[in-house]
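Here the structure is laid out as structure tokens; the discussion comes afterwards.
Nothing in this text is a laboratory measurement; each read-out follows from the coordinates by a stated rule. Given the structure is predicted, the values throughout are model-derived calculations rather than measurements. Using ideal geometry, Cβ is built from the backbone for each residue, glycine included, and neighbour counts are taken over all protein chains shown.
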Amino acid sequence: MASEDVKRSEGVKAPSNAVIGICKSLIAGGVAGGVSRTAVAPLERLKILLQVQNPHSIKYNGTVQGLKYIWRTEGFRGLFKGNGANCARIVPNSAVKFFSYEQASKGILYLYRQQTGNDEAQLTPLLRLGAGACAGIIAMSATYPMDMVRGRLTVQTDKSPYQYRGMVHALSTVLRQEGPRALYRGWLPSVIGVVPYVGLNFAVYESLKDWLVKSKPFGILDNNNNNSELTVTTRLACGAVAGTMGQTVAYPLDVVRRRMQMVGWKDASSVITGDSRGGKAPIEYSGMVDAFRKTVRHEGFGALYKGLVPNSVKVVPSIAIAFVTYEKVKDILGVEFRISD
């Protein structure tokens, strides 16, 4: 009888521990996203402004000039405009992304071991790319409406009509004026872009870490931890390399989705050009391919990389901070499983 009680208690305790572990993992991912994105919020806003500005009314010519212009015209708060909405999106997005990567990695590794018959097999860079792609698609789809309205909130300036007062107001306004489908405008290029972006981020970061730990080059391992852990600086460098590779490959799709998100917004033209005449934007896009074609035709191939410099400066610390913060918070919360396991 006593043994049955023990079994019952263990049966109840196991799911409870599993739920706690999931919650801790989600918290770690959310904190990582919020910290990393806030650290680079000014560059994030400038990137979006560069992506959508009217080619006939150039206000932002580069990273330094753009940041100075925002500071001069909107002050310190202007540098962080849209960051609250951005964090409201990135915190759940990051939580879902890291957790989904862990679960996808476990599932893919299990299937890989079953297929090869090798119980000691480990994830290859290609399999990590697949797990990262799955995680990116799930996280992007779950939080896309918030990303869509965040893009519109970010491009508003003091000289343009403030159609949206905040994320909730923006969501309700888009639903009322443009319909539910508008909340997922630009979703396809986002999903296509997230495959190489998030996939490469995870694949490059984890593969670099594995290679460095196995090769043990001089001076990069933490001697205070039996020489088995990479130093924080080295992990930040791994994250920087991963972020740079991922965003360079996926950036044109990010430009296209941002422009598609502006379609249907009656004040988009005034926001982008900075005047107050309103009206529809001069160029409308019927879909992803049409957006690519018109962007290249009217502005040249280089337009697909508008805002790449501030985005590159932003991505390097952002991805690095996110990975390291995630692992550190999991250590603090006592979660044993790491994304590299």
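Can you tell me which of 21-34, 127-140 comes out highest on packing, and rank the rest after it, using the mean Cβ neighbours within 10 Å? It would help to have the intermediate numbers written out before the result.
On the way: 21-34: 20.4, 127-140: 23.7.
Highest to lowest by the protection proxy: 127-140, 21-34.
Which value in nm describes the separation of the simple spin-label points at S141 and V296, placed 7 Å from the Cα toward the beta carbon?
2.8
Please list, ordered by chain and number, the residues whose modelled amide H lies under 5 Å from the amide H of L230; skip anything fewer than 5 residues away on the same chain.
D222
Taking the mean number of other Cβ atoms within 10 Å as a proxy for protection, how do you rank 163-175, 244-256, 64-76 from highest to lowest? Don't skip to the end; give the middle numbers.
Values: 163-175: 16.4, 244-256: 21.8, 64-76: 14.4.
Going by the mean number of other Cβ atoms within 10 Å, highest first, we get 244-256, 163-175, 64-76.
What nm distance separates the two modelled labels at R176 and I192, each placed 7 Å from Cα along Cα→Cβ?
My value for the distance between the label points is 3.5 nm.
Expected output is a single nm value to one decimal: the length gained when fully extending between Q114 and V249, i.e. 0.36 nm times separation in residues minus the C-alpha distance. What is it? Show your work: numbers first, answer last.
Numbers: separation 135, 0.36 × 135 = 48.60 nm, distance 3.25 nm.
Stretched out fully, the Q114 to V249 stretch lengthens by 45.4 nm.
Using 0.36 nm per residue, how much length does the chain from V213 to I332 gain when fully extended, once their Cα-Cα distance is taken away? Show your work: numbers first, answer last.
On the way: separation 119, 0.36 × 119 = 42.84 nm, distance 2.23 nm.
The span from V213 to I332 would gain 40.6 nm if fully extended.
Run the simple label-point estimate for K68 and V19 please: 7 Å along Cα→C-beta, distance reported in nm.
5.7
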